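S.K.: Once you've had a glance at the structure underneath, I'll fire off some questions.
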């Protein structure tokens, strides 16, 4: 009996030590800054891709053509199509949509609070304009707003634009319907995981479309209820792996083309209104556009800055299938990318690291 008590006490001591150690590590990690991320790069180049393009010329390229899951950075493509559709009078940015329509595509606790933060920022109106929905997609990264706009523009139109732009880019599908896909495939997580893993790309996109229709018709509540128990770490990793892929080389080039040739001056004004950038651009900047993306296993970004005759495009992707390092990296990720574009001395240090 005494041995059993001693054993339990030892086990409890080890558990407490493990928890305390974990808390200490997390506190230390939360104090890290962009220079710590720069040091991280030196030993983890195989898991990241970074491309810097200054005045149309690559000045740094680390794994520039390696394809990564894009997460929300692919919303740049949706924003581009939104602007083009608006300027071609295919949609009206002033069109009103009932907020309840967007709730059909919201899945609780799956977007890091993005959709809730967006609704809070606009004070929960009954109706919102398409312009506000576009801001919700780009400035708050609401997946519900994104899927509404993909449908409004046309998922085929979005994917045709990828071909027209001649991008090395996977086909885009909805973001919310794949999250309820595991519960649709099976009540058992392991079986759903195997089915999702074995599914062809075509079947995956077809099912995503089918489930989107269910969500649109309010026939997906039972699947939304099953979602929390299905989304363990393995399932989240697999869903990340099924996202559209592209490269930092493609996205630095795309951002430059958006600034220089793909958008008219009037279109760039609308694009600037819906993307992140106004709060960080200097008085000398004509344009400053930024979009990041995140899942537990990948961080992605694309940035464009233009002032007078000077342009800089930056794209950084980091992937970690274990997800551990991304826990602290995501807190300084945006600051790192923006600093590369705005801080000449820091950009120099980044280049020296390579």
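S.K.: Consider a paramagnetic label point 7 Å from the Cα of residue 35 along Cα→Cβ; state which residues of segment 310-336 have an amide N under 15 Å from it.
M.R.: Only 336 fall inside the zone, counting backbone N under 15 Å.
S.K.: Right, another one. Under a plain spin-label model, where a point goes 7 Å from the Cα along Cα-to-Cβ, how far apart in nm are residue 217 and residue 331?
M.R.: Distance between label points: 4.6 nm.
S.K.: I need the calculated FRET efficiency for the pair residue 310 and residue 129, taking r as the beta carbon distance and R₀ as 30 Å, to the nearest 0.05.
M.R.: 0.30
S.K.: Using the count of nearby Cβ atoms within 10 Å as a rough guide to exposure, how do 210, 273, 132 rank from fewest to most?
M.R.: 210, 273, 132
S.K.: Please order 160, 267 by the number of other Cβ within 10 Å, starting at the fewest.
M.R.: 160, 267
S.K.: Sort 284-294, 218-228 for me by packing, meaning the mean count of neighbouring Cβ atoms within 10 Å per residue, highest on top.
M.R.: 284-294, 218-228
S.K.: Based on the alpha-carbon gyration tensor of segment 74-245 and its eigenvalue square roots a ≥ b ≥ c, which shape applies: rounded if a/c is under 1.5, prolate if not and a/b is larger than b/c, or oblate?
M.R.: Taking the square roots of the gyration eigenvalues as a ≥ b ≥ c, segment 74-245 is oblate.
S.K.: Quickly work out the residue 348-to-residue 59 label distance, labels modelled 7 Å from Cα along the C-beta direction, and quote it in nm with one decimal.
M.R.: 1.1 nm
S.K.: When the expected Rg is taken as 2.2 N^0.38 Å, what fraction or multiple of it is the alpha-carbon Rg of the chain?
M.R.: Working it through for the chain, the quotient is 1.06.
S.K.: For the pair residue 163 and residue 273, how long in nm is the line joining their label points, each one 7 Å along Cα→Cβ?
M.R.: 3.2 nm
S.K.: For n ≥ 4 DSSP H runs only, could you compute -39500 (n - 2.57) per run for the chain, divide by its residues and tell me the 222 nm figure to the nearest 500?
M.R.: Using -39500 (n - 2.57) per qualifying helix, the result is -16500 deg cm²/dmol.
S.K.: Still on this structure: Treat the count of other C-beta atoms within 10 Å as a stand-in for reagent exposure and order 268, 188, 195 from fewest to most.
M.R.: Going from least to most buried by this count: 188, 195, 268.
S.K.: Same structure again: Calculate, for residue 117 and residue 90, the FRET efficiency according to 1/(1 + (r/R0)^6) with r their C-beta to C-beta distance and R0 25 Å; round to the nearest 0.05.
M.R.: FRET efficiency, residue 117 to residue 90: 0.30.
S.K.: Subtracting the Cα-Cα distance from 0.36 nm times the residue separation, let me have the gained length for residue 45 to residue 260 in nm, one decimal.
M.R.: In short, 74.3 nm is gained.
We did not get these values from a lab; they are worked out from the coordinates using the rules stated. Because the structure is predicted, anything quoted here is derived from the model rather than measured. Neighbour counts are summed over all protein chains in view; Cβ atoms, including those assigned to glycine, are modelled from backbone coordinates with ideal geometry.
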